[in-house]
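Read through the structure below, which is laid out as structure tokens, and then see the notes.
Derivation of every value follows stated rules applied to the coordinates shown; laboratory data play no part. For clarity, every value in this text was computed on a predicted model and none was experimentally measured. Glycine also receives a Cβ, built like all others from the backbone with ideal geometry; neighbour counts cover every protein chain displayed.
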């Protein structure tokens, strides 16, 4: 595909040979793949393989291969008639790197008050369609795996709130690692108890509890979460009460 | 700011996607590559096929046995490449039926071809499941006969074993795709391992005694012989590969289907090709060294094991083969139920068959109906005193004919499909045409030979079920012409999969 210029990749990558079928020796393929994504964005949803091929002046077989690989990885989706392409919602991951918007001062005060009253990490997250946006993370108890929390909705209490809101079949398949049956059990627990929890999912011996913050139309807009040792998660009654009280105060400030 | 950045930041609403996949209700994206591979591998039941198929081929292709098996393997590989033109682009549960629907379209001829394919798939999966259930019963009774010698030949005992096995299969299948795929994976790995150990042991024993060029010399001597011998041999050998496409029926349930299913198909064919070549070589050469006639054998691997002083292996081997057959029953019924499920969601079959269990997320009703049919037919044959080995041969021929019909259809549908979506290029076109034409020629030759032979009943059964089934389905479409337009539902991407689709979903719910 390209001339034999030695690629500037670390030894470890070269040894593995291929990253998901795309060889490290084919840097131009990455270039073309991004070109394909850009082209779909330019043309808009429904653009056909032939149109992309003409726009980029790539060989036809190469274009088809690239398109199929991008569909495989869910960066692109085929339109229902199978002829056209649209950008996949997985691309939103790239857009989410934007700076989190800090909550208003009145909200920060409520959160700080809660932080002073319980010895645990108190975090505020906001929800945007199918994504978690970290909004105010406790500086004294930083999150152990912030990237997993935003990537896998089923691993954190904050994510589980959103999963429940989205409902069965309502979440993108790449946003969870569990099968549908276990997701069902999780969301059922959230619906029944009115709060979400996880214990030992992200860090052994530690867990998390989260309650929902809703706007006037009862739409989930944010989540208030506490992370703490697993033993305390087992007896959540008191914590859940203080969380609910704070959440009630936060609702008008965040919606 | 590039168009891509703008698209991600602004997320303009994208229309034309629905909120729910037409195939909702199954355990979506719940299994991985290994389980899908297990589905394809179990459906072809390599351990069971490696011990029975070479004998079947040898009785017709004679000295060209190994050559026929290699030819069939290459043919299967071409079919796999062609089927993958679909599996890389759409996830479905109807397997080849849905693919052909997308290729041939909704006009009268297209609908007929599509429905014929669906009947071909139903025949293939159901008769191979019957074959495997009968085979499992046969080998379990051989194992049990070591303890209770009177068991062999008693139709009632055989029927009893069959019912017990069918109940085990039902139990595993009902519990969901994750459990059933793991069970088949474990069972199939064990049985292949047992057979592989035996084959290697045999080859080590045979090694010093023989001139290895005999295999190839024999093959090419045979290949210059009759064309029909090779064609029929290749079709019979193909029966050992059929079912490799069955993981395409798990398109909804597998994670990253466009990557995992194509891989599973190609790996299954390549792996089994190597395995069969090894097994067939060991059997052909083993009998030559022993000075016995391979094609006159009744249970070649056992006889070889005895002949080379590995008799103690026989019991383990029998258990392994029984397990392999059982895994094949599970896998084939899994695929059968999903084709029924698809036909129902497309409106062709009654609604009930397209329902799923709310907790287990399995097409439970379709599984029940499938398993009932799969049990009743061989049970009737056995209770009527037909003899289990004869019954198995009959079932296998019908199944193979069903599969090959569907394979031929899909080979010709693939170029039409690629052309329809504007992605036709020269390599897939040539692959599909070569596979389709050689399959058609081999298949017609095969049917002509079988009609004149002792398995004419199987051909008659195939023709009857095929034409009757297609006619019934066609009649349903003729009565309600709108059905033709809805045939071929697949797991369409929904609003949540599309950038901007999410925004639209949110607004819609407000």
Completion exercise
Per residue of A:39-45, other chain Cβ atoms within 10 Å number on average 5
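Within 10 Å of each Cβ in B:23-32, how many Cβ atoms from other chains are there, averaged over the peptide? Before the final figure, lay out the partial values.
Details: counts 0, 2, 3, 1, 5, 6, 8, 8, 1, 0.
Per residue, the number of nearby Cβ atoms from other chains is 3 on average.
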Exercise for the section: Could you work out the relative contact order of chain B, using alpha carbon pairs under 8 angstrom and six or more residues apart, expressed as a whole percent? Expected result: 37
Fill in the blank from the handout: For B:423, B:303, ascending order of other Cβ atoms within 10 Å (fewest first) is B:303, B:423
Problem - Rounded Å value of the spacing that divides the Cα centres of the range B:51-87 and the range B:253-317 - result: 13
Fill in the blank from the handout: Expected sort for B:491, B:150 with the fewest Cβ neighbours (10 Å cutoff) up front is B:150, B:491
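Would you mind giving the three semi-axes, in whole Å and largest first, of the ellipsoid equivalent to the protein assembly as shown according to its Cα gyration tensor?
On the way: eigenvalues 537, 176, 135 Å².
The equivalent ellipsoid of the protein assembly as shown has semi-axes of 52, 30, 26 Å.
Let me know the shape class of the range A:28-77, please: from the alpha-carbon gyration tensor, a ≥ b ≥ c as square roots of the eigenvalues, rounded when a/c is under 1.5, otherwise prolate if a/b is greater than b/c, or oblate. Display every interim value, and only then the final one.
Numbers: a/c = 1.32, a/b = 1.01, b/c = 1.31.
Rounded, since a/c falls under 1.5.
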Problem - Fewest-first ranking of A:174, B:267, B:389, using other Cβ atoms within 10 Å as the exposure measure - result: B:389, B:267, A:174
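Could you work out the percent of alpha carbon pairs in the range B:26-509 separated by over 29 Å, rounded to a whole number?
So the pairs more than 29 Å apart make up 47 percent of the total in the range B:26-509.
Is there a simple number for the mean count of other chain Cβ atoms within 10 Å of the Cβ of residues in A:173-186, and what is it? Don't jump to the answer; show the numbers that get you there.
On the way: counts 9, 4, 1, 2, 2, 2, 11, 9, 8, 2, 3, 4, 1, 0.
Partner Cβ neighbours, averaged per residue: 4.
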Practice task
Could you check the simple spin-label distance between residue B:486 and residue B:189, using points 7 Å along Cα→Cβ, in nm with one decimal?
Solution key: 4.2
Exercise for the section: Using label points projected 7 Å from each Cα along Cα→Cβ, tell me how many nm separate residue A:148 and residue B:167, to one decimal. Expected result: 4.4
Practice task
Diagonalise the Cα gyration tensor of the range A:95-254 and give the resulting equivalent ellipsoid semi-axes, square root of 5 times each eigenvalue, largest first, whole Å.
Solution key: 22, 18, 16
Exercise for the section: Return the calculated 222 nm mean residue ellipticity for chain A, to the nearest 500 deg cm²/dmol, obtained by summing -39500 (n - 2.57) across DSSP H runs with n ≥ 4 and dividing by the residue count. Expected result: -13500 deg cm²/dmol
Problem - Label-reachable residues, the range B:475-501, where backbone N falls under 12 Å from a point 7 Å from residue B:24's Cα toward its Cβ - result: B:494-496
Completion exercise
In whole angstrom, the spacing between the Cα centers of the range A:189-255 and the range A:104-152 equals 11
Exercise for the section: Give the angle, between 0 and 90 degrees and rounded to the nearest 10, that separates the Cα long axis of helix B:213-223 from the longest principal axis of the Cα atoms of chain B. Expected result: 70
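By how many nm would the segment from residue A:34 to residue A:220 lengthen if fully extended, with 0.36 nm per residue of separation less the alpha-carbon distance? Working shown, then result.
On the way: separation 186, 0.36 × 186 = 66.96 nm, distance 3.43 nm.
Taking 0.36 nm per residue and subtracting the Cα distance, the gain is 63.5 nm.
For the pair residue B:425 and residue A:54, what calculated FRET efficiency results from E = 1/(1 + (r/R0)^6), where r is the Cβ-Cβ distance and R0 = 22 Å, to the nearest 0.05? Could you put the intermediate results ahead of the total?
On the way: r = 15 Å, r/R0 = 0.67.
Efficiency, from the Cβ-Cβ distance: 0.90.
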Practice task
Mind checking the full-extension length gain between residue B:440 and residue B:472? Use 0.36 nm per residue of separation minus the Cα-Cα distance, one decimal, nm.
Solution key: 9.0 nm
Handout entry: Nearest 10 degrees, 0 to 90: helix A:60-72 Cα axis against chain A principal axis
Key = 10
Problem - Point-to-point label distance, residue A:188-residue B:197, nm (Cα→Cβ direction, 7 Å offset) - result: 4.2
Practice task
Could you tell me how many degrees, from 0 to 90 and to the nearest 10, lie between the Cα long axis of helix B:227-238 and the main elongation axis, the longest principal axis, of the Cα atoms of chain B?
Solution key: 70
Handout entry: Net length gained if the chain between residue B:460 and residue B:384 were fully extended (0.36 nm per residue, minus Cα distance)
Key = 25.4 nm
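Kindly state, to the nearest 0.05, the FRET efficiency for residue A:231 paired with residue B:352, given R0 = 41 Å and r defined as their beta-carbon distance. Let's see the in-between values first.
Details: r = 50 Å, r/R0 = 1.21.
Rounded to the nearest 0.05, the efficiency is 0.25.
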